[in-house]
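Report on the structure given below.
Every number here is computed from the coordinates shown, using simple stated rules; none is lab data. In this text, all values refer to a predicted model and were calculated from it rather than measured experimentally. Neighbour counts are summed over all protein chains in view; Cβ atoms, including those assigned to glycine, are modelled from backbone coordinates with ideal geometry.
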Amino acid sequence: MRCPFCAHDNSQVKDSRPSEDNTSIRRRRQCEGCGARFTTFERVQLREIMVIKSGDRRELFDRDKIEQSVRLACRKRPIEQERLDQLITGIQRQIEVMGENEVTSRQIGEMVMDGLRQVDSVAYIRFASVYRDFTEARDFEEFASTVREVAQPEPTRGTGRT
C-alpha cells in the first residue's frame, strides 16, 4: 500500500479489525519509508461496474464519489457517521445486486436521493439542488414545497372515547 505522505510503496499492517457493520476491514498501517501511520479500508467488490455518464462516457464505479456527495449534502447536519456509512453501503449493495455490469449515473443519483430523503430533509434538498441543477430560486422553492408536503405528519385523530 502506497504511503499517502511520502508515496513509499511499502507499509506494514499494524492492526486489523472488522468495521462496525462487518462490510469492510479497517487496517492501521505504518509506512516503512517515513514511519507515518494511516488507516485503510478493505471492501469486497463483486465485479467491476461501469457507470454510464452523460454523453455516454463510461467510468468505473467509485464508492468514494457517492461518499463525497453524501457527506457534502449532510455537512453540519446532526446525522451520525454510522448512519451515513449504512446509507452509502446500502446504495453500493443496491447497485451490485442489480446484476448489471453497467448502471447510469441517473440511477445512482436517484438512489442517493431516495436514501437522503429518509435520513434528513435538509440534506435531501441540498443534494437535489446540485443533482437536479436548479437554475432559479423558483426551482428550489418548488422542490422544497414538495418536500414539506411529504414531511408533514398526518393529523392525529381521536379514538372516539371520552
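Overall, the chain carries a charge dipole of about 580 debye about its Cα centre when +1 sits on the Cβ of Lys and Arg and -1 on the Cβ of Asp and Glu, all other atoms neutral.
The HN-Hα couplings worked out from phi for the stretch 115-130 by the Karplus form 6.51 cos²θ - 1.76 cosθ + 1.60 (θ = phi - 60°) are x, 5, 4, 7, 8, 7, 5, 5, 4, 4, 5, 4, 4, 4, 5, 8 Hz, whole numbers, x standing for Gly and Pro. Using Cα atoms only, what is the angle between the long axis of helix 63-73 and the major principal axis of the chain, expressed in degrees (0 to 90) to the nearest 10? That works out to roughly 50 degrees.
Quick check for you: which residues of the stretch 106-133 have the amide N under 13 Å from the point 7 Å beyond the Cα of Glu142 toward its beta carbon? Only 133 pass the distance filter.
Backbone amide hydrogens, once placed in the peptide plane, bring His8 within less than 5 Å of Cys3, excluding anything fewer than 5 places away on its chain. Remark on Thr104: its backbone amide H falls under 5 Å from those of Ile52, a criterion applied only to residues 5 or more positions apart or on other chains, H modelled at 1.01 Å from N. With pairing defined as another cysteine C-beta under 4.7 Å, the cysteines of the chain that fail it are Cys74.
Compared with the dominant principal axis of the Cα atoms in the chain, helix 137-151 is inclined by about 80°. At each listed q (0.10 Å⁻¹), what is the log10 of I(q)/I(0) that the Debye formula gives for the chain modelled as equal alpha-carbon point scatterers? For the requested q values the scattering log ratios are -0.54. Taking 24 Å as the straight-line reach from the Cα of Lys65, the lysines in range (excluding those fewer than 8 positions away in the same chain) are Lys53, Lys76.
Taking a point 7 Å out from the Cα of Glu48 in the direction of its Cβ, the residues of the stretch 102-121 whose backbone N falls within less than 13 Å of it are 102.
Sites listed here are trypsin sites (Lys or Arg not before Pro) in the stretch 60-115 whose DSSP assignment is loop and whose Cβ has at most 13 other Cβ atoms within 10 Å: Arg75, Lys76.
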